[in-house]
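The values are calculated or read from the model by the stated rules, or taken from the named source; none is laboratory data. Source: prediction; values computed, not measured. Virtual Cβ from ideal backbone geometry, glycine too; neighbours counted across all protein chains shown. For accessibility, only protein heavy atoms count, side chains too; no ligands or nucleic acids. Shrake-Rupley method; radii C 1.70, N 1.55, O 1.52, S 1.80 Å.
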Amino acid sequence: PVFVKPANLGSSIGVSRADDREGLLDSLSLAFEYDRRVLVEKGLDKPMELNCSVLGYDADVQASPIEMPVVCDGDNMLDFYEKYLRSGGSKGMASLQRLLPAPIEDSLRDEIQRLSCDIFRMLDCKGVVRIDYMFDRVSGKLFITEINTIPGSLAFYLWENAGVKYARLIDKMVECA
């Protein structure tokens, strides 16, 4: 299986899973309706989605606790419906069911936080971002799925879990600017 998605879009719009050649052609057609560039990513069997936010400027960065979004319908894909429509509102990732902090080994937590800070620095990010991962439970491999350079809700719920209140998060972002 593979996941096909528009390269420059968010909120899982235009994203689909393909399990065979016909499905791949349909998925490509859908994704190209939204963008002229498309990503095709390896599909994983029942992966664990994990997200980490990073806050900072240049070398002064810190990573948030790790969250694990919980998909309610069991189809293993956090799609537009799950993000924006299930709860009846438009609060995006802030309204999702999640386990926070994620129930993962300390070593995986540390790897994700280190990798997130490295990605932030390598891409010369500023302010706050959220980096999304898929963890393959079978192989033990971690895959980066995307970086959200303007995450919905500014990923405030991850920072609140670390003791950084929303007002302080905004203050830190202004300092970075």
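Quick look at the values:
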| item | result |
| --- | --- |
| Percent carbon-and-sulfur accessible area, the chain, ignoring ligands, DNA and RNA, probe 1.4 Å | 52 percent |
| Relative contact order (%) - the chain, alpha-carbon pairs under 8 angstrom, separation at least six | 22 percent |
| Surface accessible to a 1.4 Å probe, per residue, for the residues of the chain, Å² | 55 Å² |
| Longest segment of the chain lacking GluC sites (Glu not before Pro) that sit in a DSSP loop with at most 12 other Cβ atoms within 10 Å | 106-177 |
| Sequence of Phe143, Phe32 when ordered by accessible area, the most exposed leading, probe 1.4 angstrom | Phe32, Phe143 |
| Sorted largest first, extent of the stretch 1-73 alpha carbons per principal axis (Å) | 46, 29, 19 |
| Distant-in-sequence amide H partners of Asn148 (H built 1.01 Å from N, under 5 Å) | Arg130, Ile131, Asp132 |
| Total charge dipole magnitude, the stretch 1-61, about the Cα centre, Cβ charges on Lys, Arg, Asp, Glu only, Debye to nearest 20 | 120 debye |
| Sites matching trypsin sites (Lys or Arg not before Pro) across the stretch 16-51 that sit in DSSP coil, with at most 12 neighbouring C-beta atoms within 10 Å | Arg36, Arg37 |
